[in-house]
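Participant: A single structure is presented below for examination.
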Amino acid sequence: MTLDPGTLLQILFWGLYAGCIYILLATGVNLIFGVMKTVNFAHGELLMIGAYVTWSLFVLTGVNPYLLLVATVPVLLALGVAVERLAFRPVLGSNKLNEIFLSIGLIYLFQNGAALLWGDDYQSLRSPFEAISVPIADFRLPLDYLIIIGVTVAVLVGLQLLLRRTRLGLALRATSQNRKAAMLSGIDVERMDMLAFGLGAALAGAAGTLWAVSGQVFDPYMGSVPAIKAFAIVILGGLGSIPGAILGGLFYGLAESTATYTLGGAWKDAISFVLLIIVLVIRPTGLFGERGE
Amino acid sequence: MHMRPAGILIIAAVLLAALLTAGCQTQSESPAALKIGVVASMTGPASTTGKDVWQSAQLAADEINAKGGVFVKSLGKNVTVQLVQGDDESTREGGQKAVTKMITDDRVDILVGGFSSAVVTAHQSIVADHKVPYIITGASSSTVTHRTDVDTSTMFHHAPITDASASQTTIFIDEVMRPAINTKFGLAADRPLRLAVVYQDSPFGKGALAAIESTIAAKGLKIQVVANETYKMGETDFRTILTSVKAKKPDAIYPIAFLNEEVPMLTQARRDVGLDTIFLAVECVDDPDYYKGLGQYGDYSIIESRFSAYATPRGPISQNVEKYRGDYEARFGASPGMMGAATYEGVYVAVAAAEKAGTLDRAALVTAIGSIEVPEMVESMEGGVISFANQFRESQFNLFMEQLHWDADKQLLRPKIIWPDELKEAAFEIPAWYRPGSG
């Protein structure tokens, strides 16, 4: 198989783009797990709702969908806070099975709710920049992908600043590291749970906006596959590790793209899980995970 | 625990009322109607098609009832057509549940509908066990009709099977596209057309690919399959696959894909990957949502069809098509799709079978459908009739090819029939931006 530099660059870019969506989703899962020690299986549905919120706002206002991130992210943050407060908090710490079945129940609730609100039909969104492309080597990369990569980097830098440079971030990290010690030092850990869930949902909402604006279709049932991949990335990168989620997301995106090109589209999902198994056999805690998680 | 006399009286009254109501229901169950169970995906990913299927059945039933219903000789009277909705939820399990309920609880006389091959194959054994006549108007895989593990003798297929439709498109590519491309670009007349097939990793996709390859081999067509790339059902990101296809330099790309896959595939091909080539599409995606979803990216693409919301084949059915489309739009405020068209005809076939059988007995209905000849209605049929007289009880369609054109003023994508000659409205066109592949 011959591979010219232009084609190789294109494949890497598609992998990078997919990686951006995975990173945002997996970082959210990890943030929630890190603080609450619970897994939200309905996380993919938050991506779906993010896509629909952006689409609805776009239909209503006609505003540039990238700018609508400013509205979509707070909506999802509020939704995340509400879900944590009303659904997860009552069962948190009771029994892991309760938490698992609660989040599985939320999958159906969100899917059916979205179908009721927006209908079952698939939807799509057109970017205002779809006709603009940038010459890179010997191919033209649509501007949208550069924006998507830029937005992802900006969101991650913002998150990192929040976690590293603010008192709130310090409290979140303290809760993540030792919940009891954080509580004893006066941190309102329930407030931290709410915040972590809200931030996780907001990241999924941002992923949903970028998904929609990149020319992919979405419907109420589209969240499951991205969610499964996000969980795999979290395990690959290490439970609770945000750098692990970022590296894992990039790794997954690039692995999928390369496998699709070399082995065929049927291997796209399989190759990621093959890599996951290999990494876990060699390092059971994942790339950045710590023992005991 | 003691119960007050008033409480006992209330319970007794409720029980008595329930018994009386049950009695009423039994009395009303005398066959005053031909009960048709409509298998439709009212919820789930295929709900767009499901709603089309259900609404078309409603339109047919109302038309028939407005004309006095259906005469059943054994009852000595006309009975109305009563539709029972069976939502398969776009899943195998949902289909099994819906069909079981319609057969055992609702006691339908006949079933019509069924969209996805995967969903239909999952509930065929239930239909076989109860020997219910079933006019399948959607599932296109030949496994539905050719399978031998289930007794399909009560089932009739009123939709083109994948093999037939893929074969027709392949013939069109050889007869029309290949000579046009070779002529326009000054290539040798016998130069084979370089075709890339991107197919869903399912019986539907694999069956179509096999049909394309066998048609090329059997008819000695000058088509070279330069790429056959597969993808998982429901995929929405085709960029890498298309990059791979682009590297093979095809003259045309033939995706074997569902509507929700073909729309992002074609959009990403034109917008992101820069594939300046002509795309084809299988007949099951000819739906108003396809045109809406593609927009300008569908310009000059080709689609196989048997019923289009926006094109009318010339010939004897053109008036029927216009009337059906007008009635559907007036009632539901939307354009009809092709699965609905077949279901509309399916309801009429069921009614014709009941009249021919003279009874609502299921076995007699099966025999009647097997030998029936209903004049073609809104889809062009071989011999001008809907008939299930062949080995696999499949009706035979006259398929046609449409080319889509983007109207920049109206911001609409619309088709024109370009093949075969007896149905066509316009000639095949090669766009100015098109570049042939090279080997």
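Participant: Looking at region B:21-69, which of its residues are over 30 Å from A:Ser224 (Cβ atoms), assigned to a helix (DSSP H, G or I) and either at pLDDT 90 or above or in contact with a helix residue (DSSP H, G or I) (Cβ under 7 Å, 6 or more places away or on another chain) (or both)?
Facilitator: B:Ser56, B:Ala57, B:Gln58, B:Leu59, B:Ala60, B:Ala61, B:Asp62, B:Glu63, B:Ile64, B:Asn65, B:Ala66
Participant: Next question. Taking region A:53-67, which residues are among the polar types (S, T, N, Q) and assigned to a helix (DSSP H, G or I)?
Facilitator: Within region A:53-67, A:Thr54, A:Ser56, A:Thr61 qualify.
Participant: Follow-up. Can you name every residue in region A:26-48 that is among the β-branched types (Val, Ile, Thr), touching a Ser or Thr at 6+ places or on another chain (Cβ under 9 Å) and assigned to a helix (DSSP H, G or I)?
Facilitator: Passing the criteria: A:Ile32, A:Val35.
Participant: Answer yes if at least one residue in region B:305-319 is in a helix (DSSP H, G or I) and of a type in the set (Ser, Thr, Tyr), and no otherwise. Full working, then the answer.
Facilitator: Initial filter on region B:305-319 (in a helix (DSSP H, G or I)): B:318-319.
Cutting the leftovers down to of a type in the set (Ser, Thr, Tyr) gives us B:318.
Checking region B:305-319: at least one residue is in a helix (DSSP H, G or I) and of a type in the set (Ser, Thr, Tyr).
Here is a yes/no grid of residues against (1) hydrophobic (A, V, I, L, M, F, W, C); (2) modelled with pLDDT of 95 or more; (3) in contact with a Lys or Arg (Cβ under 6 Å, 6 or more places away or on another chain):
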position: B:Thr169; (1), (2), (3): no, yes, no
position: B:Val176; (1), (2), (3): yes, yes, no
position: B:Lys184; (1), (2), (3): no, yes, no
position: B:Pro192; (1), (2), (3): no, yes, yes
position: B:Ser202; (1), (2), (3): no, no, no
position: B:Gly205; (1), (2), (3): no, no, no
position: B:Leu221; (1), (2), (3): yes, yes, no
position: B:Gly234; (1), (2), (3): no, no, no
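Participant: Right, here's the next one. Taking A:Leu3, is it hydrophobic (A, V, I, L, M, F, W, C) and either under 22 Å from A:Leu239 (Cα atoms) or assigned to a loop (DSSP other than H, G, I, E, B) (or both)?
Facilitator: Values: hydrophobic (A, V, I, L, M, F, W, C): yes; either under 22 Å from A:Leu239 (Cα atoms) or assigned to a loop (DSSP other than H, G, I, E, B) (or both): yes.
In short, yes.
Participant: When you scan region B:279-294, do you find a residue that is modelled with pLDDT of 95 or more, touching a strand residue (DSSP E or B) at 6+ places or on another chain (Cβ under 8 Å) and of a type outside the set (Phe, Trp, Tyr), even just one?
Facilitator: So the first thing to find is which residues in region B:279-294 are modelled with pLDDT of 95 or more, and the list is B:279-281.
This time we only want the ones that are touching a strand residue (DSSP E or B) at 6+ places or on another chain (Cβ under 8 Å), so: B:279-281.
Okay, now just the ones that are also of a type outside the set (Phe, Trp, Tyr), so B:280-281.
Checked region B:279-294: at least one residue is modelled with pLDDT of 95 or more, touching a strand residue (DSSP E or B) at 6+ places or on another chain (Cβ under 8 Å) and of a type outside the set (Phe, Trp, Tyr).
Participant: Search region B:362-395 for residues being assigned to a loop (DSSP other than H, G, I, E, B) and without any contact (Cβ under 8 Å) to a residue 24 or more places away in the chain, and hand back the single one that is farthest from the chain's Cα centre (by Cα).
Facilitator: The residue in question is B:Ser371.
Participant: Can you name the number of the only condition in (1) away from every other protein chain (no Cβ under 14 Å); (2) over 30 Å from A:Leu172 (Cβ atoms); (3) touching an Asp or Glu at 6+ places or on another chain (Cβ under 9 Å); (4) not charged (D, E, K, R) that A:Ile278 fails?
Facilitator: The failed condition is (3).
Participant: Just the residues that are buried (at least 20 other Cβ atoms within 10 Å of the Cβ) and touching a Pro at 6+ places or on another chain (Cβ under 7 Å), please, taken from region B:55-78.
Facilitator: Scanning region B:55-78 gives a single hit, B:Ser56.
Participant: Tell me the residue from B:Thr170, B:Thr183, B:Thr145, B:Thr152 that is surrounded by 19 or more Cβ atoms within 10 Å (Cβ to Cβ) and outside the structural domain of B:Gly346 (by TED's automatic domain parsing), please.
Facilitator: Residue meeting the stated conditions: B:Thr170.
Participant: Next up: Would you check which residues across region A:87-133 are of a type in the set (Ser, Thr, Tyr) and surrounded by 19 or more Cβ atoms within 10 Å (Cβ to Cβ) and list them?
Facilitator: A:Ser103, A:Tyr122, A:Ser124, A:Ser127
Participant: Mind telling me which of the residues A:Gly19, A:Gly6 ends up being touching a residue at least 12 places away in the same chain (Cβ under 8 Å) and within 13 Å of the chain's Cα centre (by Cα)?
Facilitator: A:Gly19
Participant: Go through (1) modelled with pLDDT of 95 or more; (2) closer than 25 Å to B:Pro264 by Cβ one by one and return the number of the condition A:Ala154 breaks.
Facilitator: Tallying (1) modelled with pLDDT of 95 or more; (2) closer than 25 Å to B:Pro264 by Cβ, A:Ala154 fails exactly one: (2).
Participant: Also: Filter region A:181-207 down to residues that are farther than 13 Å from A:Leu77 by Cα, touching a helix residue (DSSP H, G or I) at 6+ places or on another chain (Cβ under 9 Å) and of a type outside the set (A, V, I, L, M), then give me how many there are.
Facilitator: Residues in region A:181-207 being farther than 13 Å from A:Leu77 by Cα, touching a helix residue (DSSP H, G or I) at 6+ places or on another chain (Cβ under 9 Å) and of a type outside the set (A, V, I, L, M): 4 in total.
Participant: Suppose we filter region B:191-217 for residues that are without any contact (Cβ under 8 Å) to a residue 60 or more places away in the chain, of a type outside the set (Val, Ile, Thr) and closer than 21 Å to A:Gly265 by Cα; how many remain?
Facilitator: Residues in region B:191-217 being without any contact (Cβ under 8 Å) to a residue 60 or more places away in the chain, of a type outside the set (Val, Ile, Thr) and closer than 21 Å to A:Gly265 by Cα: 10 in total.
The rows are residues; the columns are (1) closer than 23 Å to B:Ala309 by Cα; (2) of a type in the set (A, V, I, L, M); (3) loosely packed, with under 14 Cβ neighbours inside 10 Å.
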residue	(1), (2), (3)
B:Val378	yes, yes, no
B:Gly383	no, no, yes
B:Phe392	no, no, no
B:Gln396	yes, no, no
B:Trp406	yes, no, no
B:Leu413	yes, yes, no
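Participant: Might you let me know whether region A:243-253 holds any residue that is under 25 Å from B:Met265 (Cβ atoms) and within 14 Å of chain B (Cβ to nearest Cβ)?
Facilitator: Checked against the condition, which is being under 25 Å from B:Met265 (Cβ atoms) and within 14 Å of chain B (Cβ to nearest Cβ), region A:243-253 yields at least one hit.
Participant: Give the residues of region A:199-223 that are within 9 Å of another protein chain (Cβ to nearest Cβ) and hydroxyl-bearing (Ser, Thr, Tyr), sorted by residue number.
Facilitator: A:Ser214, A:Tyr221
Participant: Is it true that some residue in region A:55-66 is of a type in the set (A, V, I, L, M, F, W, C), within 14 Å of another protein chain (Cβ to nearest Cβ) and either under 17 Å from the mean Cα position of the chain (by Cα) or under 18 Å from A:Val217 (Cα atoms) (or both)?
Facilitator: Taking every residue of region A:55-66 in turn, at least one turns out to be of a type in the set (A, V, I, L, M, F, W, C), within 14 Å of another protein chain (Cβ to nearest Cβ) and either under 17 Å from the mean Cα position of the chain (by Cα) or under 18 Å from A:Val217 (Cα atoms) (or both).
Participant: Further, regarding this structure: Could you run through region A:1-26 and say how many residues are under 18 Å from B:Thr243 (Cα atoms), crowded, with 24+ Cβ neighbours inside 10 Å and among the aliphatic types (A, V, I, L, M)?
Facilitator: Final tally of qualifying residues: 1.
Participant: Tally the residues that are in a strand (DSSP E or B) and in contact (Cβ under 8 Å) with a residue 40 or more places away in the chain, restricting the search to region B:223-267. If you could, list the steps in order and put the result at the bottom.
Facilitator: Keep residues of region B:223-267 that are in a strand (DSSP E or B), which gives B:223-231, B:252-256.
Narrowing the set further to residues that are in contact (Cβ under 8 Å) with a residue 40 or more places away in the chain leaves B:223-224, B:226, B:252-256.
Total satisfying the criteria: 8.
Participant: Of all the residues that make up region A:68-119, how many are outside any helix (DSSP H, G or I) and either within 14 Å of another protein chain (Cβ to nearest Cβ) or modelled with pLDDT of 95 or more (or both)?
Facilitator: The total comes to 2.
Participant: If you go through region B:275-295 one residue at a time, do you hit one that is of a type in the set (Ser, Thr, Tyr) and within 14 Å of another protein chain (Cβ to nearest Cβ)?
Facilitator: yes
Participant: Please name all residue pairs, on different chains or six or more residues apart, with Cβ atoms under 6 Å, provided the first residue is in region B:74-89 and is closer than 24 Å to B:Ile136 by Cβ and the second residue is among the acidic types (Asp, Glu).
Facilitator: If the second residue must be among the acidic types (Asp, Glu), the pairs left are B:Val84/B:Asp106.
Participant: Taking into account only those residues within region B:123-142 that are surrounded by fewer than 24 Cβ atoms within 10 Å (Cβ to Cβ) and modelled with pLDDT under 95, which is nearest to the chain's Cα centre (by Cα)? Spell out the reasoning first.
Facilitator: First, the residues of region B:123-142 that are surrounded by fewer than 24 Cβ atoms within 10 Å (Cβ to Cβ): B:125-126, B:128-132, B:141-142.
Keeping just the survivors that are modelled with pLDDT under 95 gives B:141-142.
Working: B:Ser141: 11, B:Ser142: 13 Å.
Per the criteria, the residue is B:Ser141.
The values are calculated or read from the model by the stated rules, or taken from the named source; none is laboratory data. Please read all numbers here as calculations on a predicted model, not as lab measurements. All Cβ positions, glycine included, derive from the backbone under ideal geometry; neighbour counts span all protein chains shown.
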